[in-house]
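The values are calculated or read from the model by the stated rules, or taken from the named source; none is laboratory data. Quantities reported herein were computed from a predicted structural model and do not represent experimental measurements. In this analysis, Cβ positions are derived from the backbone assuming ideal geometry, glycine residues included, and neighbour counts consider all displayed protein chains. Ligands, DNA and RNA are stripped out before the accessible areas are found, and what is left, the full protein with its side chains, is counted by its heavy atoms. Shrake-Rupley method; radii C 1.70, N 1.55, O 1.52, S 1.80 Å.
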Amino acid sequence: MDNAAFVESWNSIIPHKIRPAELEHPTESFMCRCLVSFFRMMKYDVTEFDHMYSEPKDSTMRKRVQLVANTNHFYQLCLGSKQRNFLYVDLIKPSPKKTIHVLNILLNYLFYINMVRDETVEKATQCTARYHELEASINQQKREMENHKIKINNIEQNISKMRHQLPQLEGENEKLKEMKQQLLEKIAATKAADEELAEKITKLKMDYAMLQDRRVDDEEAAALIRKNEELEAEIEEYEKQEKTLQTTNSEYATLISQIKPCMFAAEEILQNPPDDSLMKLKNQVDTLRLNYSKLEAECARKTTTLQALQKNCEAIREYVIEMEKQLSMGHKTKRKTERQTISDLGKQQLQLDELHEQNDVYLEQIKALKEEMLLIMQMSEQAKAFLMRDPVNRPVSTK
């Protein structure tokens, strides 16, 4: 390497600039400044060498020896041999050849050290960034694990709460089953009575149409009025029965709509009982079913009684028909009796219309209760599914 190339390389990295002329005629001061600049670039503390020529002679000599020793160490280190040395005379009386050789060796070593330092700093920076990234990931995983533990604890608490509520729900379900059966029976009876009452009202309207063409004299008017009053009393009694039956029907329909969803949910739970307590409940359900069969037999007996009552009603109808035959023998009837009969039938018609309106209101209420019970059924199914699902698989920690 020629002097110009060396000077350019030296000045590109070391703040202390040199000139080619100084290499051709080196001095002790030049050599000291170059060596101190080298050690400063090597991160050594060289402040003691800044003013060594203004110090006493012994101190200056001691610092020269120290500077030579340090330089010789790096010189031999770079050459890989201890046979060649940088001597004291090379500092105080430097030669151009030896000066360029020593400075070139030191400059190459400085380039190598800087390259190694840059690579080391880069790797250390990468390792530090990777460390912080892994630390953040570990902290995130710890937070997720804590949140997962909290969720698992909440789920276990909910499961425990549901299990405590299950016996109460099953007891309520059994009561609702019994109420449903009773309501079904009463609704059937109410429907039959309602149909019978409608038939009677239709029959009375037909009878009135037949009576319009008939007349009775004054002597038979009293008997006709009495019979009419008896019929009116009977109609009023039937209307009261109809109102009672419709009210009962509405109540039973409401209860049935409330019972049905719970029955379905309870039957599904009892078909696959998870423990012995539910098996006992299933046996109790079987017992209740036997009681239900007995109640059906009782219902059949009452149905027989109802048929007997219907036969009595038929006898009453035949009696009314016989009386109509007797009345058909008359020729006149009083206008006042006709107007009274028309007025009474109008009132009965109004009462019948009111009953139909009340029935429509009851149907709307039943519909609203059905929607509410559907919501309860959905909640019951969700609770059942939550209780019957697989246990939560907790994550296994690995060390």
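So here's what we get for this one:
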| quantity | calculated |
| --- | --- |
| Candidate set from the range 16-39 (those that are assigned to a helix (DSSP H, G or I) and free of Cβ contacts under 8 Å to residues at least 12 places away in the same chain); member that is least open to solvent (accessible area, probe 1.4 Å) | 22 |
| Selection from the range 173-197 of residues that are more than 17 Å from residue 250 (Cβ to Cβ) and loosely packed, with under 14 Cβ neighbours inside 10 Å | 175 |
| Hits in the range 71-92 - residues which are surrounded by fewer than 12 Cβ atoms within 10 Å (Cβ to Cβ) and touching a Phe, Trp or Tyr at 6+ places or on another chain (Cβ under 7 Å) | none |
| Residue 68 being open to solvent by less than 70 Å² (accessible area, probe 1.4 Å), touching an Asp or Glu at 6+ places or on another chain (Cβ under 8 Å) and aliphatic (A, V, I, L, M) | yes |
| Any hit, the range 102-123, residues being in a loop (DSSP other than H, G, I, E, B) and open to solvent by 90 Å² or more (accessible area, probe 1.4 Å) | no |
| Residue within the range 55-64 that is open to solvent by 50 Å² or more (accessible area, probe 1.4 Å), over 27 Å from residue 2 (Cα atoms) and not in a helix (DSSP H, G or I) present | yes |
